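**Q** I'd like to ask some things about the structure below.
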Amino acid sequence: MNGLRDRVVLEVDGKLMTGRDVVVAALLGAEEFGFATAPLVALGCDMMRHCNLDTCPVGIATQNPDLRRRFAGDPEYVVNLMRFIAREAREIMAGLGFRSLAEMVGRTEVLVQRPTEHWKARKLDLTALLYRPEGLRSLPSPSPGPGKGQERSFVFFDREKLLFLCRPALEEGRPVRAVLPVANTDRAVGTMLGSEVTRRYGAQGLPAETIRLHLVGAAGQSFGAFLPPGITLILEGEANDYLGKGLSGGKIVVYPPATSRFAAEENVIIGNVALYGATGGEAYIRGLAGERFAVRNSGAKAVVEGVGDHGCEYMTGGRVVVLGPTGRNFAAGMSGGIAYVLDEEGDFPRRLNPELVELERLADPREIEELRAMIRRHLAYTGSEVARRVLADWERAVACFVKVMPKDYKRALAMLAAAGGEEGLMAAFEVNKRDRLRVSGN
């Protein structure tokens, strides 16, 4: 009706379990589908809901080696689940007369509200949800790349630009440097390129900064997702949600255009849920991030100049430096990794979720130097005025930093040190296990 529908892609998630769920969501207008609970159960999750306690009895959400050995899942289990869901969806589609999922999108005329006598449900009126304006044609897919039929713009950007441009690096390992424009319709920029690097060179990727791409503009969702070692993406502009999702060794730098007149540290430059599930790599963000920054980060290092609510939520590893304000509920469910927050106003404790973490002041000279080195790199990559100010008055600034330390992680590090490293710790776990079995008589 307003011409916006052909410029977006709608994704739905939330307890999708069956093929019927997929079909109903598509009929209501969804084009992409997110699954979480069902695949976890297929891998062996028994829904104990202890994910944040490091006591997962089936070895999925835990850092405890003794518990992780109980994990009995296999990727094939998830593949089988998705095949069953796809089969059920195809059977329902055939019954409705649709030949493809794309044909079903937005076809609300085949949906009817089920009658019920439930005292609350019978008061629901879904007429507005199922309304379809007369003469409205089938909902179009987002604008495709030139000459690519129904392929989406992010496929075009990577396949037709980045893969071609980076052939010298992919085929011969030679350095590649380039400056390119980017728009917010370009989603998951760098992901297909990263996949090709991993396919050719494995998890170790390429040497650092073999591929260095400078992009100018506003990037769409999932910029730099799953980026492996050897790729550096520099974004002069701004980015949408899920920047660096699954970052696995690459490097992402974001800063405002040189012509901007606003103070970067006072303005949001990237969206929500950045570095979701990152396992490695680095990110330097000159400006503020949205909510849930570094959620489930397990290995990436990041410097940012402020975050929204729920920062470092469920974080299990890595290092995060926040050179500015944070929202509420910081470190909720954080069981690993370390965060350093510049608390110049002294009010950060009010926004912390203290259930699993505790606050400390920096005292170890090696740790202080590591923090200083991260801020220096932030300055070198982004030209940050905040980093420049902090480094210029380092003795005063370092006293304002607060270290957010997970209690269990601190205890694990102490055990690791006492046992003489990781191998010693594993041996200690084995001895402890045998002692418990001997006492129980098993």
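**Q** So, in the range 291-309, exactly how many residues are out of contact with any helix residue (DSSP H, G or I) (no Cβ under 7 Å at 6 or more places or on another chain) and either in contact (Cβ under 8 Å) with a residue 60 or more places away in the chain or buried (at least 24 other Cβ atoms within 10 Å of the Cβ) (or both)? Don't jump to the end; show me each part of the working.
**A** Let us first name the residues in the range 291-309 that are out of contact with any helix residue (DSSP H, G or I) (no Cβ under 7 Å at 6 or more places or on another chain), namely 291-300, 302, 304, 307-309.
After this cut, where a residue has to be either in contact (Cβ under 8 Å) with a residue 60 or more places away in the chain or buried (at least 24 other Cβ atoms within 10 Å of the Cβ) (or both) as well, the list is 292-294, 297, 300, 302, 304, 307.
So the count comes out to 8.
**Q** Kindly evaluate ARG107 against the criterion of being basic (Lys, Arg), in the same structural domain as ALA26 (by TED's automatic domain parsing) and farther than 24 Å from ARG5 by Cα. Reasoning before the result, please.
**A** Values: basic (Lys, Arg): yes; in the same structural domain as ALA26 (by TED's automatic domain parsing): yes; farther than 24 Å from ARG5 by Cα: no.
So ARG107 fails the test.
**Q** Which residue pairs have Cβ atoms closer than 6 Å, lie 6 or more positions apart in sequence or on different chains, and pair a first residue in the range 370-386 that is of a type in the set (Ser, Thr, Tyr) with a second residue that is not in a helix (DSSP H, G or I)?
**A** Listed pairs, sorted by first residue: TYR381/VAL253; TYR381/TYR284; THR382/TYR255; THR382/TYR284; THR382/ARG286; SER384/ARG286.
**Q** Being free of Cβ contacts under 8 Å to residues at least 24 places away in the same chain, polar (S, T, N, Q) and closer than 18 Å to SER298 by Cα, is that true of even one residue in the range 41-52? Give the derivation first.
**A** Applying the first criterion (free of Cβ contacts under 8 Å to residues at least 24 places away in the same chain) to the range 41-52 yields 41, 45-50.
Pick out the ones that are also polar (S, T, N, Q) and you get none.
Scanning the range 41-52, I find no residue that is free of Cβ contacts under 8 Å to residues at least 24 places away in the same chain, polar (S, T, N, Q) and closer than 18 Å to SER298 by Cα, so the answer is no.
Every residue, every condition in (1) part of a helix (DSSP H, G or I); (2) out of contact with any His (no Cβ under 9 Å at 6 or more places or on another chain); (3) surrounded by 14 or more Cβ atoms within 10 Å (Cβ to Cβ), yes or no:
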position	(1), (2), (3)
VAL22	yes, yes, yes
MET47	no, yes, no
GLY73	no, yes, yes
VAL78	yes, yes, yes
GLU88	yes, yes, yes
MET93	yes, yes, yes
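**Q** Identify all residues within the range 195-222 that are under 18 Å from ARG177 (Cα atoms) and of a type outside the set (Gly, Ala, Ser); write none if there are none.
**A** Step one: filter the range 195-222 for residues under 18 Å from ARG177 (Cα atoms), giving 196-197, 205-217.
Correct list: GLU196, VAL197, LEU206, PRO207, GLU209, THR210, ILE211, ARG212, LEU213, HIS214, LEU215, VAL216.
**Q** List, please: which pairs have Cβ atoms under 9 Å, are six or more places apart or on different chains, and start with a residue in the range 64-88 that is modelled with pLDDT of 95 or more and end with one that is among the charged types (D, E, K, R) and not in a loop (DSSP other than H, G, I, E, B)?
**A** Partner pairs satisfying both residue conditions: ILE85/ASP21; GLU88/ARG20.
**Q** Same structure, new question: Need at least 2 residues that are out of contact with any helix residue (DSSP H, G or I) (no Cβ under 6 Å at 6 or more places or on another chain) and surrounded by fewer than 23 Cβ atoms within 10 Å (Cβ to Cβ) per element, so show me which strands (runs of 3 or more DSSP E) inside the range 165-258 make the cut, counting only ones lying wholly within it.
**A** Working: elements: 176-182, 211-219, 231-239, 248-255.
Counting at least 2 such residues, we get 176-182, 211-219, 231-239.
**Q** Also: When the residues of the range 345-359 are filtered to those that are crowded, with 16+ Cβ neighbours inside 10 Å and in contact (Cβ under 8 Å) with a residue 40 or more places away in the chain, which remaining residue is farthest from VAL321 (Cα to Cα)? Explain how you work it out, then say what you get.
**A** Taking the range 345-359 and keeping what is crowded, with 16+ Cβ neighbours inside 10 Å, we get 348, 351-353, 356-357.
If we keep only those that are in contact (Cβ under 8 Å) with a residue 40 or more places away in the chain as well, we get 348, 352, 356-357.
Working: PHE348: 14, LEU352: 15, LEU356: 19, VAL357: 16 Å.
Residue satisfying both the conditions and the ranking: LEU356.
**Q** Could you list, in sequence order, the residues of the range 408-442 that are at pLDDT 70 or above and either of a type in the set (A, V, I, L, M, F, W, C) or in contact with a Ser or Thr (Cβ under 9 Å, 6 or more places away or on another chain) (or both)?
**A** To start, the set of residues in the range 408-442 that are at pLDDT 70 or above comprises 408-420.
If the condition is that a residue be at pLDDT 70 or above and either of a type in the set (A, V, I, L, M, F, W, C) or in contact with a Ser or Thr (Cβ under 9 Å, 6 or more places away or on another chain) (or both), then ASP408, TYR409, ALA412, LEU413, ALA414, MET415, LEU416, ALA417, ALA418, ALA419 are the ones that fit.
**Q** Taking ALA183 and the conditions (1) touching a Lys or Arg at 6+ places or on another chain (Cβ under 9 Å); (2) closer than 25 Å to ASP241 by Cβ; (3) modelled with pLDDT of 90 or more, which numbered condition does it fall short on, given that it satisfies the others?
**A** That leaves (1) as the condition not met.
The values are calculated or read from the model by the stated rules, or taken from the named source; none is laboratory data. This is a predicted model, so every value here is computed, not measured. Virtual Cβ from ideal backbone geometry, glycine too; neighbours counted across all protein chains shown.
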